[in-house]
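The values are calculated or read from the model by the stated rules, or taken from the named source; none is laboratory data. All of these numbers come straight from a predicted model, not from anything done at the bench. Cβ atoms come from the backbone with ideal geometry, glycine included; neighbour counts cover every protein chain shown.
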Amino acid sequence: MIALLLAAALSAPTDAATVKIFAYDDKGVELDLPGLLGRLARADENPPYDPEKTPLWAFPIDGKSAPQRVRLSQTGKLIFAAWAGGPARLELVWPVSGDGFNAVSADNGGNGFADGAAVFLNEEIALTQYRLFKDSWKRRTTDWQPLYAPGQKAKDLAEKAKNAMADASRRKEAPARAQAFALALQATALAWEKALFEHGLQHTADERRAKNFRFGLTLDETMLQRMDDVEWAAEAVRRSGSDWVRLVFRPNGSDFMYASLRSFNEYDGVIDELKSRKIKVMGCVLDTAQWPKTLTPEAYAERVKNIVLHYKGKVDAWEVGSEINGDWLGGSSSPLGLEQVYKIFMAGASKAKELDPETETVATLYWWEATAPDREHSFSGWLETHAAKGFGKNIDVVGLSLFPEDNPAGMALERAFDSAAEALPGQKLMLSSLGYAEQDALKGYWWLAPDDIDGARKDIAILYTTASCAMTRSLGGGFWWQTLEQMLPPGRRKATDLFKVYRRTLEQLGRKE
């Protein structure tokens with residue numbers, strides 16, 4: 001009997017943690033479990049919320065156990081969060097008043113939360129994010145090229161965040177502390193965004209580096225339905241200050257391999273218009289949403305071969321993998337497995353380099369962490385697995401795809417680039433796809449304010465286009481995905497206010513028509 005009990009004890013997990021969660025809304029009202037789930041939910045989700053899909057993950061700090069979605073429950077008035085693996089930091093999305101949903105961490109000063117801890121979530125998020133902001137500020141002002149030289153407004157915002165944190169720490173009652181720390185978190189977010197924005201401007205003003213940055217817009221496959229607008233669209237791209245276009249090749253069901261010269265007719269015209277204006281082209285061989293269920297490595301390599309050979313010397317870079325860590329490639333109802341997607345992508349990347357070793361190849365990864373359906377598809381989880389398998393081989397540039405309405409970034413933008421740089425020390429990085437809310441009604445997470453779609457798009461275009469220039473090994477980028485819908489819409493040949501905001505942003509970055 002003793003032997004059996006000992007064997008059972010040895011086979012059971014030795015490290016696990018259950019903590020108490022205390023969370024408050026913007027008015028200082030303590031949340032129950034449904035309230036907490038609702039605070040972390042998308043705008044298009046309705047109660048009752050499924051705790052099995054909550055964007056709240058535990059990352060064991062010893063690195064021995066895999067990150068996992070926490071198990072949430074409520075007993076009486078207490079909310080409990082549990083996971084295997086011992087002390088862990090928490091990763092989640094969180095609304096920041098006046099700023100929007102951010103991907104944030106709570107890590108108890110880097111020590112993680114151990115079994116039995118009481119976690120005051122509002123407070124711990126604010127404390128962690130403020131510490132990370134200070135680390136970023138210090139690194140940028142003492143160990144970066146070019147060094148960040150904070151302007152007076154940036155200094156004032158940083159001082160405001162410091163004072164707000166001190167004020168929150170002095171509060172005694174839990175509801176008042178939660179409200180004060182919410183204000184401190186808001187001040188931290190604004191100070192951090194200002195620092196990244198300002199440092200991005202300083203990067204593009206540095207003559208040694210300015211020539212390496214690229215800024216672009218996306219012309220997706222709907223361009224082929226508007227061939228009468230091609231000249232106008234190409235000229236608008238030039239007037240925006242963009243020097244690149246991401247051109248998406250349609251699936252072409254009747255000739256998926258592009259074996260016939262007829263399949264290139266429209267694209268030849270688009271590329272000629274762009275090149276006549278000295279705009280560089282990054283060709284997207286196959287968009288993430290267009291992978292057929294039947295796709296094989298051999299078929300993809302053949303498609304890559306035919307397209308790349310046809311445009312050799314005309315197309316400046318090839319995006320041979322688009323959001324390859326997504327969970328919808330091959331069809332959202334029954335997608336291709338991650339390993340099959342990886343094999344298909346690698347076949348295409350290898351073929352592109354085989355045909356022209358000098359051609360620049362790009363692979364784009366979809367940014368999602370806490371909002372990912374599982375660890376395997378998440379940005380850092382996928383990188384961890386596939387970098388060890390040789391993901392960087394035959395790839396020159398790795399791009400990040402950011403869609404904040406589905407997967408908030410915010411204060412995690414810098415961490416996203418740093419994670420990619422650490423996993424892939426030999427590749428340049430860039431922001432290769434960006435957008436917000438395809439329709440006028442928000443269906444996901446809000447930015448700035450839940451009902452200000454237009455303002456959010458403009459703010460994201462300004463902030464991320466500029467801040468991306470101040471990231472590790474970054475080429476800048478942008479490539480607004482919904483360019484033809486939201487900037488250059490059909491039917492009127494008139495650019496929108498969003499386009500004008502983007503053009504003014506590039507002017508600030510030294511790019512003029």
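Observations, loosely collected:
- Taken across the range 120-136, residues that are of a type in the set (Asp, Glu) and under 19 Å from the mean Cα position of the chain (by Cα) do not occur at all.
- Selected residue (criterion: surrounded by the fewest Cβ atoms within 10 Å (Cβ to Cβ)) from residues of the range 376-411 that are part of a loop (DSSP other than H, G, I, E, B) and of a type in the set (S, T, N, Q): 394
- Of all residues in the range 416-431 being over 15 Å from residue 395 (Cα atoms), touching a residue at least 40 places away in the same chain (Cβ under 8 Å) and not hydroxyl-bearing (Ser, Thr, Tyr), the one that is surrounded by the most Cβ atoms within 10 Å (Cβ to Cβ): 431
- Only a single criterion out of (1) among the charged types (D, E, K, R); (2) free of Cβ contacts under 8 Å to residues at least 24 places away in the same chain; (3) on the phi > 0 side of the Ramachandran plot is not satisfied by residue 354, namely (3).
- Once the range 350-373 is narrowed to residues that are more than 22 Å from residue 476 (Cα to Cα) and more than 16 Å from the chain's Cα centre (by Cα), the residue that is surrounded by the fewest Cβ atoms within 10 Å (Cβ to Cβ) is 357.
- Of the residues in the range 432-453, not one is in contact (Cβ under 8 Å) with a residue 24 or more places away in the chain and part of a helix (DSSP H, G or I).
- Restricting the range 1-47 to residues that are of a type in the set (Val, Ile, Thr) and at pLDDT 95 or above, the residue that is surrounded by the fewest Cβ atoms within 10 Å (Cβ to Cβ) is 29.
- Count - residues of the range 455-484 that are assigned to a helix (DSSP H, G or I) and surrounded by 16 or more Cβ atoms within 10 Å (Cβ to Cβ): 17
- The helices (runs of 4 or more DSSP H) falling completely within the range 119-214 that include 1 or more residues that are buried (at least 21 other Cβ atoms within 10 Å of the Cβ) map to 121-142, 152-170, 174-205.
- Residue check for residue 141: among the polar types (S, T, N, Q) and over 24 Å from residue 101 (Cα atoms): yes
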